[in-house]
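As structure tokens, the structure follows; a few thoughts come after it.
The values are calculated or read from the model by the stated rules, or taken from the named source; none is laboratory data. Because the structure is predicted, anything quoted here is derived from the model rather than measured. Please note: Cβ atoms are built from the backbone with ideal geometry, for glycine as well, and neighbour counts cover all protein chains shown. Each accessible area value is taken on the protein alone, full model and side chains, heavy atoms only, with ligands, DNA and RNA left out. Shrake-Rupley method; radii C 1.70, N 1.55, O 1.52, S 1.80 Å.
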Amino acid sequence: MRHLKVILSGVLLLALASCGRSNETQNTTSTHDSKSTEAPQTKAKTEAIDPMSSKGIGPISNVVLNDAIDDSMAAEGKAIFEQNCTACHKTDKKYIGPAPKDILERRTPEWIMNMIMNPNEMIQKDPVAKQVLAEANGAIMADQNISEEDARKILEFFRTL
């Protein structure tokens, strides 16, 4: 009986030891594999993004900007921006979110309006918005429930910056 207990204890210890080694090996291999395959995919996604050709995801597919800025529309856009956006955006420098100054040199008008009106879906599906989210250290842009008309006014205000 005493020999049987010793043998069973030995078998149990071997079984437990082999289970632990198996997991360690898998975790090490898994971690190594994810690092080796993740970097090229991330690099490929970054290279594929052209922010000046993306219109984003949302209801806006075409925006026509006149050569002259509509001053009354821009003034209304400034008021809407100050009421809804300044907690996270400063006009001329990066704060929590990016600065809107010169944004039309970095993004299309359609993308800007879709981001203002549809930030949740943009962050989930649009590669440029995902990149902006990463640059903002994961600070998600709150949906302010801005209408298309008000988003257009904000865009007009951005043209004055």
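The table that follows gives values for the structure above.
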{"quantity": "The stretch 96-110 residues that are in contact (Cβ under 8 Å) with a residue 12 or more places away in the chain, paired with ones that are surrounded by 19 or more Cβ atoms within 10 Å (Cβ to Cβ) and small (Gly, Ala, Ser) (beta carbon under 8 Å, 6 or more apart)", "calculated": "Thr108/Gly56; Glu110/Gly56"}
{"quantity": "Filter result (of a type in the set (Gly, Ala, Ser) and either open to solvent by less than 60 Å² (accessible area, probe 1.4 Å) or under 15 Å from Asn114 (Cβ atoms) (or both)) within the stretch 50-74", "calculated": "Ser53, Ser54, Gly56, Gly58, Ser61, Ala74"}
{"quantity": "All positions within the stretch 146-161 that are open to solvent by less than 20 Å² (accessible area, probe 1.4 Å) and within 10 Å of Met73 (Cβ to Cβ)", "calculated": "Ile154, Leu155, Glu156, Phe157"}
{"quantity": "The stretch 93-106: number of residues that are more than 15 Å from Glu135 (Cα to Cα) and outside any helix (DSSP H, G or I)", "calculated": "2"}
{"quantity": "Phe157 vs. criteria touching a residue at least 60 places away in the same chain (Cβ under 8 Å), touching a His at 6+ places or on another chain (Cβ under 8 Å) and assigned to a helix (DSSP H, G or I)", "calculated": "no"}
{"quantity": "Selection within the stretch 126-145 - surrounded by 13 or more Cβ atoms within 10 Å (Cβ to Cβ) and within 19 Å of Arg106 (Cα to Cα)", "calculated": "Asp126, Pro127, Val128, Ala129, Lys130, Gln131, Val132, Leu133, Ala136, Met141"}
{"quantity": "Qualifying residues in the stretch 133-154 (those that are assigned to a helix (DSSP H, G or I) and of a type in the set (A, V, I, L, M, F, W, C)) - the one farthest from Ile103 (Cα to Cα)", "calculated": "Ala134"}
{"quantity": "Meets criteria (polar (S, T, N, Q), open to solvent by 40 Å² or more (accessible area, probe 1.4 Å) and either under 19 Å from Asp143 (Cβ atoms) or part of a helix (DSSP H, G or I) (or both)) for Asn120", "calculated": "yes"}
{"quantity": "Qualifying residue in the stretch 76-95 (condition: of a type in the set (Phe, Trp, Tyr) and open to solvent by less than 50 Å² (accessible area, probe 1.4 Å))", "calculated": "yes"}
